[in-house]
Amino acid sequence: MLQGAEGPGVRRAMEMVVALGRIYGARRLVPVASAQVSGVSYKNLGQAGLEFLQAWAQEGARARVPAFLNPAGMDMDAWAALGIPEAFARQQEAVVQAFAHLGVQPTLTCAPYLAMPWPARGSHLAWAESSAVAFANSLAGARTNREGGPSALAAAIVGRTAAYGLHLDEHRQATVEVRVQVPLRDEADFGALGILVGQEVGQGVPAFVDLAEQVQGKASLRGERGGEEAAVDLLRTLGAAMAAAGAVALFHVWGVTPEVQDEPALGRAPRRVEVASLEGAYARLNAPAEEVDLVHIGCPHASLAEIRQVAEAVAGQRLAARLWVTTARAVREEAARRGWVAQIEAAGGHVVADTCTVVAPIQALGIRVLATNSAKTAFYAPAHCGVAVRFGNLAQCLEAARTGRWPGGRT
Ligand code: F3S
């Protein structure tokens, strides 16, 4: 491949994989089971990025393993109804088409595991979106570094990645033992915890030694929702926040995540962190804005259970602020079959596929204040989207959607 036997597009991809391997001291390549490619929104990619993809496709490069896309800058079907400018939409369509020519499926989600089987434990992947990476490593027990968009695509094209970092056993051990001395009330608290721990551990591998009871206790409180599904949603929220505020790509929860159950990673962690209060995270993530333009639920992309919660909560209401529940298209279709999309739309909200507020051009939609129950969105939106943010739990967010206001702070 490096010598160009499979054409210039494959050679370009292999050069990238090998260069990364050299930088990080890899001694071999490993086959990857799948690739998840980021850098899809035209808002971030721009014209130069689009032309780069088109040129690579023209060189004959094609993914040789299952490869799928991170969210784009808009719902590919409903962009006009959501107010996305047509000029943006046409360029975004061209980006998705270029990826299609490269053999990458337009799944357009940061949670591909919601609509397909989880990656196999121990399998090697080349995934790029940071919350998906944290999920794959921590909850599924698969192995992936936090790839960039181009390196994930290169791995898909050659079917391999360089074996360094989290592909190797020695880098999957806990480096920081975390003790949580505060009760976690809801998904917002899990996200706030993730912000604090992410800031503290940076690129490390945190191991939560006393979180299992809180995860499972919260899960069992959620009525008809499967306990396991609710626990997964809470841990997705935690992982996404740690990946945003730090660069956490793998975490362990004693008694819950697969790798510590089989082979305790604790006891060797050289550092210990104790979290006694979440106030610092709430203070950091909340601006003093009261009028809310848009409420965003679904970062990472919402599960069916989360969509159902929203549908039941807004049934019969008339919302004052815009509401976006963002999810994967396949999950949206299932939610529609179950009547939950219609329930949310009847209240004036939208179940939006293929995108999220961080990668969509929401400033062009006149959004100045965003409310969310996602610590990750709250962390990124001020800088990435130029909006003020209110951060709290689902009930607070849906109340803001109903009234258009976020009264006072949260303690
Ligand atoms: Fe996904 Fe967008 Fe959040 S890509 S993890 S919903 S910032």
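Structure data summary
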quantity	calculated
Kyte-Doolittle mean at least 0.0, axial Cα span of 24 Å or more - DSSP H helices of the chain	227-245
Packing-based ranking, highest mean first, of 362-370, 86-94, 9-17 given that Cβ atoms within 10 Å are counted	9-17, 362-370, 86-94
Gain upon complete extension [residue 228, residue 284; 0.36 nm per residue less C-alpha separation]	17.1 nm
Label-point separation in nm, residue 120 to residue 276, each point 7 Å along Cα→Cβ	4.8 nm
Spin-label pair residue 44/residue 24, simplified geometry with 7 Å Cα→Cβ offset, distance in nm	1.8 nm
Fewest-first sequence of 233, 293, 354 by Cβ atoms within 10 Å of each Cβ	293, 233, 354
DSSP-loop chymotrypsin sites (Phe, Trp or Tyr not before Pro) across the stretch 1-77, with at most 13 other Cβ within 10 angstrom	24
Helix-only mean residue ellipticity at 222 nm for the chain, each DSSP H run of n ≥ 4 adding -39500 (n - 2.57), per residue, nearest 500	-12500 deg cm²/dmol
Residues 274, 229, 177, 399 arranged by fewest to most Cβ contacts within 10 Å	274, 229, 399, 177
Least to most buried among 79, 127 (fewest other Cβ within 10 Å first)	79, 127
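Each value in this text was obtained by applying a stated rule to the coordinates, not by laboratory testing. The structure presented is a predicted model; accordingly, all values stated were derived computationally and were not measured. For neighbour counting, all protein chains shown are included, and Cβ atoms are generated from backbone atoms with ideal geometry for every residue, glycine included.
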